[in-house]
Structure formats: C-alpha cells, structure tokens
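The values are calculated or read from the model by the stated rules, or taken from the named source; none is laboratory data. Computed from a prediction, not measured in an experiment: that's the story for all the values here. Here the Cβ positions follow ideal geometry from the backbone for every residue, glycine too, while neighbour counts run over all protein chains shown. Surface areas here come from the heavy atoms of the whole protein model, side chains and all, with no ligands, DNA or RNA. Shrake-Rupley method; radii C 1.70, N 1.55, O 1.52, S 1.80 Å.
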Amino acid sequence: MTDSAPAGYRPVDYLQFRDGPGGLGLARRVAGVLSWPLVLPLALLSRVSDIAFRTCAELVAQLPYAIGLVVREEFYRLTLRECGRNVLVEFGTVFCYRDVSVGSNVLLGRYCVVHECDLGDYVLAGERCTFLSGSRQHGLARTDIPMARQQGYRRRIRVASDTWIGSHAVVMDDVGAGAVVGAGAVVTRPVPERSVVAGNPARVLRVRGQEGR
C-alpha cells in the first residue's frame, strides 16, 4: 500500500534511490573515480589530526552541487570510520569528527552539522539539521566560573535505519528505526521505533502503522 497524493501535491521520484534504468548509481561511481586526484590528497591530509579533517571537510562542503555531491561522498568514504554507498551530502553540510559511521542510501540536506553520531541505512535529513553529541557538552553546575570553563561530556547518538529527520531539527538523543522527527523538533530523549515526534522538547504524536487503531 502506498500513500495517495494529498490535494495540491504531485508525486516526486527520487532518482538517488531508483534501481535499474534511469538511476544515477553507475554515473556517480564513475564520477567518483574521476574525483580521486582531488579527494585522495585531502583524505590523506585529514588523517593528520582532527583539525586537518575539519578543515578539509569544510572545504569540500563548499563545492557546488554536481561536483560537490561526488567529491563529498568519496571524501567521507575514505575518511569516516564507516561510510556506505549512495550517500548524498549536500552543500554546506559538515561532519565534525572522523569517528562517525554512515550507512548506505543516506540523504543529508544542505547545511547539516554532524557530531559524534552513527547514521543507519536510508536516513533522510532535511536542511539545517544538527546531530549533537548528546545534551551535556557544557557543564553548568557551578556559578563561580563561566560555563565555557566547566567540564563537558560527549556521547555518541544513533539514528537508526529508515528514519526521516525534518528540516531544522536538533537531535541530541537516539532515534529508533522507522521514526519521523518533525521539522524544527528538539530531540532530548530517545525516540521510540516508528514514532512520529514533534515540538520542543520533541513528544510522540502517533506511531506509524497504527493510524487506524
């Protein structure tokens, strides 16, 4: 069963995920190989330090659409802890750390920021999404010294497979498989599987597959 088009909407065919004729997989793989003279030196430089990686990541983030999509996918496949196939990283999106894993068939919209995070297969993220390393990166218990000088803590978060993160969402905790995070939502606690959440802080609105119950 597929969704019927709501009034005023028209169907969209996402070529990135199309199998067989008309898909973009083969063309992107060929273009990826052709990008190696640029990508390989940057990937080697990125292994020197986290600062070098961040510098190269921000450099490739500024490449325009057709060229940038190819270069960014190849760059992250060679630098991240793990990066699958058919990963589309759009203009302005930056990974802050190398110790990140990304599955296959992933779409990250423009100007996303990814901290210590593991992304599963078929993750869709809209524009300007932020994936933080938890919610305790800055200490605030003491008032006699500035918060900037207090110890903070980072943790890895996981965004499971088949999830859709709406534009401008801030994700600070795990998101379960099949879940949907509404645009502008702030995730401060784990999102259950197949849940649709929205708001600040994000709260469960419904569960996918149970609409008729």
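Which residue is farthest from TYR76 (Cα to Cα), if the candidates are limited to the stretch 35-62 and must be open to solvent by 90 Å² or more (accessible area, probe 1.4 Å) and touching a residue at least 12 places away in the same chain (Cβ under 8 Å)?
Among those residues, the one meeting the criterion is GLN62.
Which of the numbered conditions does SER101 fail, given that it passes all the others? Conditions: (1) at pLDDT below 95; (2) open to solvent by less than 20 Å² (accessible area, probe 1.4 Å); (3) of a type in the set (Gly, Ala, Ser).
The single condition SER101 does not satisfy is (1).
Check whether at least one residue in the stretch 86-109 is under 24 Å from PRO41 (Cα atoms), of a type outside the set (Phe, Trp, Tyr), touching a residue at least 60 places away in the same chain (Cβ under 8 Å) and touching a Ser or Thr at 6+ places or on another chain (Cβ under 7 Å), and report yes or no.
Yes, some residue in the stretch 86-109 is under 24 Å from PRO41 (Cα atoms), of a type outside the set (Phe, Trp, Tyr), touching a residue at least 60 places away in the same chain (Cβ under 8 Å) and touching a Ser or Thr at 6+ places or on another chain (Cβ under 7 Å).
Just checking: which of the strands (runs of 3 or more DSSP E) contained wholly in the stretch 113-213 hold 1 or more residues that are without any contact (Cβ under 8 Å) to a residue 40 or more places away in the chain, open to solvent by less than 70 Å² (accessible area, probe 1.4 Å) and more than 23 Å from THR93 (Cα to Cα)?
Those strands (runs of 3 or more DSSP E) span 195-198, 203-207.
Being open to solvent by 90 Å² or more (accessible area, probe 1.4 Å), basic (Lys, Arg) and at pLDDT 95 or above is the requirement here; does ARG10 meet it?
Answer is no for this residue.
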